[in-house]
């Protein structure tokens, strides 16, 4: 049998991994020597999940989040399949824990809430249901292979959390961009959080030109001010985007139906990286086939070694990025 | 505005590409100078789609296929999002058609039915609803960028069609395998059609060892007899697979929930290629993140230049593969 981190917390269906499980055991007591318990301060819901919950439940979104967590033992939106992340303070760590954090550390988890056993103890009383960042008292369990990062002393916690939430995107973008010689890089949703970080990462990794695609003039103005993109295109990415032909196209908008436009915007031999949780696997696969597009289609793996540190470095070193990020956070 | 092949056939929603459209115009008359009309002989439903239709509609599956095609102007299963392909004879080709086939050619389309305008004229009267291959009279329209292949004279049409249906898998597998030095390659669903072709392609592309994962002893025996795998593992791929650590893992089973097992079976620095249309984008992305797995996750693009010819070459040159394929086809 393979050693599967966190598998002993799966209550059903039997044999599946924590993320695929319908229900986890959220008991705050440590259940093996590799676990770590965190006292939760705040949840950061995945953008696609929060949007779906708001659309479907309106002002009753708080009840729905509480219902999901009570039923599933984790914040795993059954409609979008996505979760989010959390910040909190480490309370207790088993002797075999490899997460690399210690009791007293204020940390953020860098793995999805969809596999994190969670108990909420305050009924989310301090959350007004209007933003993805959810003040929360409760307990979470990290298993042996969880990735977590200590919150940096020089950055606001909300900023760091928002950066960590999308830190896989700039790291993977940088890796893909470095595989090409001076590529043109287009980022769909370039003014958003993962999009702006990806633009900054692409430039640092050797892009010859960066193109930011924005849905409207407001977003375009924000991106222009940041200086992160050499070119800005205003377009609805659910329809073909005129004029963009990139070597690497990065999809960072959390709306469905952008697969084909991204493929059409990419040159033969190029790569599309899908970070949006609204991506349809079949639409991407069949779309490329139907367009006879010889492009590499990457599922945006949220884990790349060193991703959190790299994203914080980008924020610290790029004033335009930090300003855009901070403003967006304030607006949320 | 970008030139989008086939966009003039989209009846709704406005502005989307043919594959994303809810409804296409299936009129058999050519609508522009780049179109080609095919007299359809047979549809080959995508395996995931056929399974879903059988499960949901049982013996009324024929009515459901007719209903879908009448409503959408294409065979696009609204539940699975997938389609299939067809064979037929070219009737008429516009002067600007670039498909590379001529009137009278007996061809197979290598793009999905989800973007192919289709009219069925015989009510599928010759189909008993028990197999993915559907005898059919009707008309299909190929747009300028469609990929199609003339059926080879030396192979049975049903065999060629089944090979074409999955020919993207061996081509992309070969490309990924060639990017590693003598990698270990595991194929989940190794005894199936795309799986067995992928195993043969992996060996030819330089795999040091090929591992076939099969769901039961019957499939394992079939694969063993073919000689395509150096090692055979019997396992349910919806749960972690013991003992497999591959550089390249290829997922070819059309059941949901195999994402995490595939990721766990892959070494850090390795690649998982998902060909199954049952793949969940979020399960793959969040699963890798949750396992802190530094693996590249590829959406199996069904188009790689030269894919059809390569797959036919493999079938011709590998007796064990051809035998396994033919038997499976007969059993279907």
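The values are calculated or read from the model by the stated rules, or taken from the named source; none is laboratory data. Small disclaimer: the values here were computed from a predicted structure and weren't measured. As a convention, Cβ positions derive from the backbone with ideal geometry for all residues, glycine included, and neighbour counts pool all protein chains shown.
Out of B:262, B:311, B:284, B:288, which single residue is surrounded by 24 or more Cβ atoms within 10 Å (Cβ to Cβ), at the interface with chain A (Cβ under 10 Å from one of its Cβ atoms), within 20 Å of the chain's Cα centre (by Cα) and not in a loop (DSSP other than H, G, I, E, B)?
After ruling out the rest, the residue left standing is B:284.
Of the residues that sit in region B:248-259 and are more than 10 Å from chain A (Cβ to nearest Cβ) and either touching a helix residue (DSSP H, G or I) at 6+ places or on another chain (Cβ under 6 Å) or in a strand (DSSP E or B) (or both), which one is nearest to residue B:50 (Cα to Cα)?
Filtering first and then ranking leaves B:254.
Here's a check for you: in region B:265-281, which residue that is within 7 Å of chain A (Cβ to nearest Cβ) and assigned to a loop (DSSP other than H, G, I, E, B) is surrounded by the fewest Cβ atoms within 10 Å (Cβ to Cβ)?
Checked region B:265-281; the qualifying residue surrounded by the fewest Cβ atoms within 10 Å (Cβ to Cβ) is B:280.
Can residue B:245 be described as at pLDDT below 95, within 11 Å of chain A (Cβ to nearest Cβ) and out of contact with any helix residue (DSSP H, G or I) (no Cβ under 8 Å at 6 or more places or on another chain)?
So residue B:245 passes the test.
Give the residue that is farthest from residue B:304 (Cα to Cα), with candidates limited to residues of region A:299-308 that are surrounded by 24 or more Cβ atoms within 10 Å (Cβ to Cβ) and touching a strand residue (DSSP E or B) at 6+ places or on another chain (Cβ under 6 Å).
Among those that are surrounded by 24 or more Cβ atoms within 10 Å (Cβ to Cβ) and touching a strand residue (DSSP E or B) at 6+ places or on another chain (Cβ under 6 Å), it is A:301.
Only one of B:19, B:52 is buried (at least 24 other Cβ atoms within 10 Å of the Cβ) and within 14 Å of chain A (Cβ to nearest Cβ). Can you tell me which?
B:19
From the list A:96, A:59, A:25, A:63, which one is more than 28 Å from residue A:300 (Cα to Cα) and in contact with a helix residue (DSSP H, G or I) (Cβ under 6 Å, 6 or more places away or on another chain)?
A:25
Among the residues of region A:111-126, write down those that are crowded, with 19+ Cβ neighbours inside 10 Å and either touching a strand residue (DSSP E or B) at 6+ places or on another chain (Cβ under 6 Å) or farther than 22 Å from residue A:308 by Cα (or both).
Of everything in region A:111-126, those that are crowded, with 19+ Cβ neighbours inside 10 Å and either touching a strand residue (DSSP E or B) at 6+ places or on another chain (Cβ under 6 Å) or farther than 22 Å from residue A:308 by Cα (or both) turn out to be A:113, A:116, A:117, A:118, A:120, A:124.
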